[in-house]
Amino acid sequence: MASKNGIGSKFFIVTSVLTINSLGVLYFARDNFELPQFLNIAFEFVEAKLYDKSDHKSLLRRTPHSSTDVSQAQRGLEIETYSEVKSKLSITEFDEHAAPHTHKCLDKIKPPERKIIYTWTDGKGVKHISDSPRKLNSNTSVQVAKIINPEAISLNFLSHNLPFDVQRAVRGRVQEALDAFAPVTPTESMVPVVANIRSFSDKGEYEKYSKRFNLSKSTSTGFYSSGRNESAILIRDNKETLRTITHEVMHTINRYWYGQVAKWLNEGMAEYSETPGSLTNSAWVNHFKSNQPLALTTLFEGTESSWRKDPHQFYASSWAFVAFLMSDNQDFMSRLLLLESENGCEEISMSDIQRLYGRNIGALNGDFRRWFRIKFQ
């Protein structure tokens, strides 16, 4: 009899553990599929009881700080939506932190918070599932694309004024850029891209169209609108037109793959894409015959006002630093791009850069300067 009681106890314990674990998995994954009504009611009842016993600080600790979601497509949608709101707020100079705090209604139960499950595959091919996002650092191994197929990028020419030879050359140049960036492109950030290109042969018509977007420089020869997902180009000679289109298409790709990207990285990659894999063919080589690149702290902390005051130095330095990463530290570049893709609407910060590099900014600046002297002096 004692033996039977022992077996029964063990069976009860095992069954209880399996039941609790199963309920836990269903609870955290309930946003992804529909559960029976009695389970939803049970979960909500438990949450209500827990909420009554929790203070405000514990709720803050439970609130997720990242917009990364299970689905790559869902995350892209959230990035686009929030970025558009953020863009509109910046135009009106509205500070969201300055908004008055609303008082909580103490006699009502707070509705259940949305649960986020994070998934990723590490450098060894092991898939992870967690309720917390991973922490990236200098030891993070990134799986890269190796090859980016041309069908991953759809180029739509909205106007009919570009010669066929230029259109074909654009496709070739974009593919060259993709081939150059493939060794640093995290596979999980890649989604299909649609790049819409609107070209103008008349400068007056181009400037008239550009005024709709409140550009700081009406004399620019090309720009990318994330809201319309469209690059507008002023046609010049074939060589310049080709470079401008490639530059703006790279902004489109960055928008799809990484979302909100630091300006120095966004522009540096776009400049690099104009002459992928060839430093000597870049227009910035002549600039550096009589100029030094900006200090990295100045580049990383550059504001829109700083870029407007000294655009040549900021664009040239962004190109040079990206060229340095592509030439000498592709692993670091991969980690930067992976973090940007997981940051949602947050841009990579100085502390992020130091953590991913494993050394301070001074050391990174020293490595960059040594590379620069060898290449350009």
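For Phe368, neighbours were defined as the other residues whose beta-carbon sits under 14 Å from its Cβ, and their charges (Lys and Arg +1, Asp and Glu -1) total +3.
Residues whose amide H lies under 5 Å from that of Ile233, counting only those 5 or more places away or on a different chain, are Arg198, Ser199, Phe200; hydrogens are built 1.01 Å from N in the peptide plane. Sorting Arg168, Arg355 by accessible area puts them as Arg168, Arg355; the probe is 1.4 Å, largest comes first, and only protein heavy atoms count.
Taking θ as phi - 60° and the Karplus parameters 6.51, -1.76 and 1.60, the scalar couplings of region 354-364 work out to 5, 5, 6, 7, x, 9, 7, 5, x, 5, 5 Hz in sequence order, x denoting glycine and proline. Charge tally for Leu234 (other residues, Cβ to Cβ under 10 Å; Lys, Arg +1; Asp, Glu -1): -2.
The residues neighbouring Gln292, those whose beta-carbon lies less than 15 Å from its own, together hold a net charge of +4 under the Lys/Arg +1, Asp/Glu -1 convention.
In region 228-320, what trypsin sites (Lys or Arg not before Pro) fall in a loop by DSSP, with at most 11 other Cβ atoms inside 10 Å? Don't skip to the answer; put the middle values down first.
Working: sites: Arg228, Arg236, Lys239, Arg243, Arg255, Lys263, Lys289, Arg308, Lys309; in loops: Arg228, Arg236, Lys289.
Qualifying residues, ordered by number: Lys289.
Only protein heavy atoms count here; on that basis, with a 1.4 Å probe, Leu265 has an accessible area of about 0 Å². Taken as Cα centroids, region 249-298 and region 306-377 sit 10 Å apart, rounded to the nearest whole angstrom.
Kindly sort Thr246, Thr187 by accessible area of their heavy atoms, largest first, with the probe set to 1.4 Å. Numbers along the way, then the final one.
On the way: Thr246 5, Thr187 60 Å².
Result of the area sort, largest leading: Thr187, Thr246.
Accessible surface of Thr19, taken over heavy atoms with a 1.4 Å probe and every protein chain present, rounds to 70 Å².
The values are calculated or read from the model by the stated rules, or taken from the named source; none is laboratory data. Here the structure is a predicted model, which means the values were calculated and not measured. Using ideal geometry, Cβ is built from the backbone for each residue, glycine included, and neighbour counts are taken over all protein chains shown. Calculation scope for accessible area: heavy atoms of the full protein, side chains included, ligands and nucleic acids excluded. Shrake-Rupley method; radii C 1.70, N 1.55, O 1.52, S 1.80 Å.
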